[in-house]
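Step one of this worksheet: look at the structure below.
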Amino acid sequence: MLKPHWSFLKKIAVIAGVSLLFEGLQFIFAIGASDITDFMGNTLGGIMGVGVYIVFCKLFSTKANKILNVLASIGTICIVALVLLLIYLRISGVIIYKVS
């Protein structure tokens with residue numbers, strides 16, 4: 001969305017580069033598990049995201065960015081509400097973790 005004049009391959013190269021950077025940082029700082037499948041999954045997700053954006057641009061031309069921003073805002077609000085609900089349920093004792 002920020003660089004509509006970039007080619008598809010240039011966008012994917014940036015996405016793959018950022019994913020590789022994150023996986024490298026995970027490996028260097030021993031945070032989580034660094035894995036090639038994570039890199040491939042992140043890159044594939046980026047390809048799908050760019051593809052969805054291209055389809056939206058073709059379907060809605062000038063209003064594509066606005067529609068995608070509204071959808072992303074709604075999704076973000078839903079995720080934040082879900083996380084807050086889960087935190088509330090954990091604090092109130094409804095969700096109990098059992099360690100065996």
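Could you state the per residue volume, in Å³, of the convex hull enclosing the Cα atoms of the chain?
Taking the convex hull of the Cα positions in the chain, it is 154 Å³ per residue.
Carbon and sulfur together cover what percent of the accessible area of the chain at a 1.4 Å probe radius?
75
Assigning unit charges at the beta carbon (Lys, Arg +1; Asp, Glu -1) and nothing else, what dipole magnitude in debye, to the nearest 20, does the stretch 1-92 show about its Cα centre?
Here the size comes out at about 500 debye.
Using just the Cα positions, wrap the stretch 1-48 in a convex hull and report its mean projected area in square nanometres, one decimal place.
If you wrap the Cα atoms of the stretch 1-48 in a convex hull and average its projections, you get 3.5 nm².
So how exposed is Ile79, as accessible area in Å² (1.4 Å probe, rounded to 10)?
Counting only protein heavy atoms, the figure is 100 Å².
Rounding to the nearest 10 and keeping the result within 0 to 90°, find how far the Cα-based axis of helix 64-91 lies from the longest principal axis of the chain.
Result, in degrees: 10.
Check cross-link reach from Lys10 to the lysines: straight Cα distance under 23 Å, and skip same-chain residues fewer than eight apart.
Cross-link targets: Lys58.
Give me the accessible area of Lys66, 1.4 Å probe, in Å² rounded to the nearest 10.
140
The values are calculated or read from the model by the stated rules, or taken from the named source; none is laboratory data. Here the structure is a predicted model, which means the values were calculated and not measured. Positions of Cβ are backbone-derived with ideal geometry, glycine not excepted, and every protein chain shown enters the neighbour counts. What goes into the accessible areas is simple: the full protein's heavy atoms, side chains included, and nothing from ligands, DNA or RNA. Shrake-Rupley method; radii C 1.70, N 1.55, O 1.52, S 1.80 Å.
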